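Below: the structure, in structure tokens.
The values are calculated or read from the model by the stated rules, or taken from the named source; none is laboratory data. Because the structure is a prediction, the values reported are computed rather than measured. All Cβ positions, glycine included, derive from the backbone under ideal geometry; neighbour counts span all protein chains shown. Ligands, DNA and RNA are excluded from the accessible area calculation, which covers all protein heavy atoms including side chains. Shrake-Rupley method; radii C 1.70, N 1.55, O 1.52, S 1.80 Å.
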Amino acid sequence: MFGYRVPAPDEAMLISGGKRGLGGAPFRVVMGHGKFVLPIFRKTRFLTLAMCESEVTETCVTRQGISLHVRAVIAFKVGNDTESVINAGQRFLSDQDQMSVLTGRIFAGHLRSIIGSMTVEEIVTERQKLAAEVLDTSKVEMAKIGLIVDSLQIQSIDDGDTGYIEAMSAPHKAAIQRQAQIAQAQATQASVEAQQVAARNQAEYARQTAIVKAEYSAEVDRAQAQAAQAGPLAQAHAQQEVLAAQTELAQRAAKLRQQQLVAEIVKPAEAEAERIRVLAIADAERMKIQAEAAASHDRVALDRMLIDQLPLIVKEAAGGLAGANVNVLNGADGLGEIAAGLVAQGLTILDSVRQNLNGQNPDGSPEKAQALLELQGYTPPSGKDTDEGERDEERGNSR
């Protein structure tokens with residue numbers, strides 16, 4: 001709109017003409033908003049509020065009389081309040097570049113003053129203290145011209161060709177160099193140790209790898225050997241089982257054959273031996289009976305006939321053992337019991353015949369005795385057979 005003016009965000013609009021400003025200033029200050037300005041009757045100017053920079057390079061003499069070349073940078077601007085804008089506008093509105101020049105000169109003077117009260121060591125080691133003192137001493141002067149300082153930085157301090165700062169730093173340089181050498185030696189030692197550790201680790205890894213490879217190789221060889229031996233081992237095991245089965249079968253066959261030999265040879269031989277023993281016992285008993293009969297004159301004929309028949313009775317009783325498969329449980333005692341039984345059986349028959357003769361046949365004739373023997377279930381052989389049997393018995397005894 002015609003006559004309406006608005007300042008930029010970093011500017012202050014100064015309107016002259018008409019009413020006076022704050023404190024009798026020849027202009028009014030407008031910041032942050034627009035203002036209608038009558039043309040011809042009012043005049044508008046703008047003052048920057050942006051950050052400005054001033055560089056100071058000054059040769060200063062310390063309290064020790066040593067010249068130092070100091071370079072500093074000051075960052076400043078016009079204050080945001082109306083009073084600061086009025087002070088700065090009255091001084092720099094026509095030539096705003098003069099703010100940097102004047103600010104540099106002001107700080108150069110304060111910098112010389114502050115450095116003159118300090119030593120080189122203080123200046124070098126306490127730069128921040130130097131900057132703070134310069135700012136404190138310049139605040140009042142800067143406020144009078146409407147400027148505020150945001151920061152002051154000491155860029156460099158140089159003693160020229162005097163070498164004072166270098167000499168001052170020599171012990172520190174030596175210490176630093178010594179520390180650097182120590183650090184370098186320690187780093188070298190650490191590097192060598194690390195290399196040795198790495199070499200040992202590599203050697204250990206190589207050894208472990210070789211061991212593992214050897215174990216794998218041995219395991220593979222062992223598996224291959226086992227696989228190669230599996231067939232022969234299985235065959236040998238099978239042959240061993242066959243031999244064991246054949247051995248067991250042969251043992252069973254031998255045991256069976258032994259049993260057969262016992263049944264076919266030993267048992268019949270034992271039975272024959274027992275028969276012979278029984279006959280011998282019967283013959284001895286006959287001789288005993290004959291002796292008793294000889295002593296008894298009244299029954300000689302009968303006893304003679306009975307005595308003659310006793311061996312035949314026992315022989316017939318023992319004949320049944322010749323072809324029998326007899327199992328004797330208690331050895332010779334068992335055979336003796338069998339023989340005694342046979343003899344007892346013969347004696348029982350004789351006693352029975354004698355009793356019958358005493359009760360039924362008082363005359364005791366041999367014919368009656370023969371009849372009683374037949375009643376007892378005994379059939380005597382013919383005379384021829386009896387003689388042959390006696391001859392066989394005599395031949396057996398002679399053998």
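If amide hydrogens are placed 1.01 Å from N in the peptide plane, which non-local residues have theirs closer than 5 Å to the one on Gly3?
Answer set, sorted by chain and number: none.
Quick check: net charge around Met31, other residues with Cβ under 13 Å of its Cβ, Lys/Arg +1 and Asp/Glu -1?
For residues surrounding Met31, the net value is -1.
At 1.4 Å probe size, with the rest of the protein present, what percent of the exposed accessible area of the stretch 64-107 is carbon and sulfur atoms?
Roughly 43 percent of what the probe reaches on the stretch 64-107 is carbon or sulfur.
To the nearest 10 Å², what's Thr348's accessible area with a 1.4 Å probe?
Solvent-accessible area, nearest 10 Å²: 90 Å².
In Å, what Kirkwood hydrodynamic radius results for the stretch 1-128 from the alpha-carbon pair distances?
17.2
Cβ under 14 Å from Leu102's Cβ, Leu102 left aside: what net charge do those residues give with Lys, Arg +1 and Asp, Glu -1?
With Lys, Arg at +1 and Asp, Glu at -1, the neighbours total -1.
Quick one: which of 117-128, 173-184 comes out on top by average Cβ neighbours within 10 Å, and what's the full order, highest first?
In decreasing order of mean packing, 117-128, 173-184 become 117-128, 173-184.
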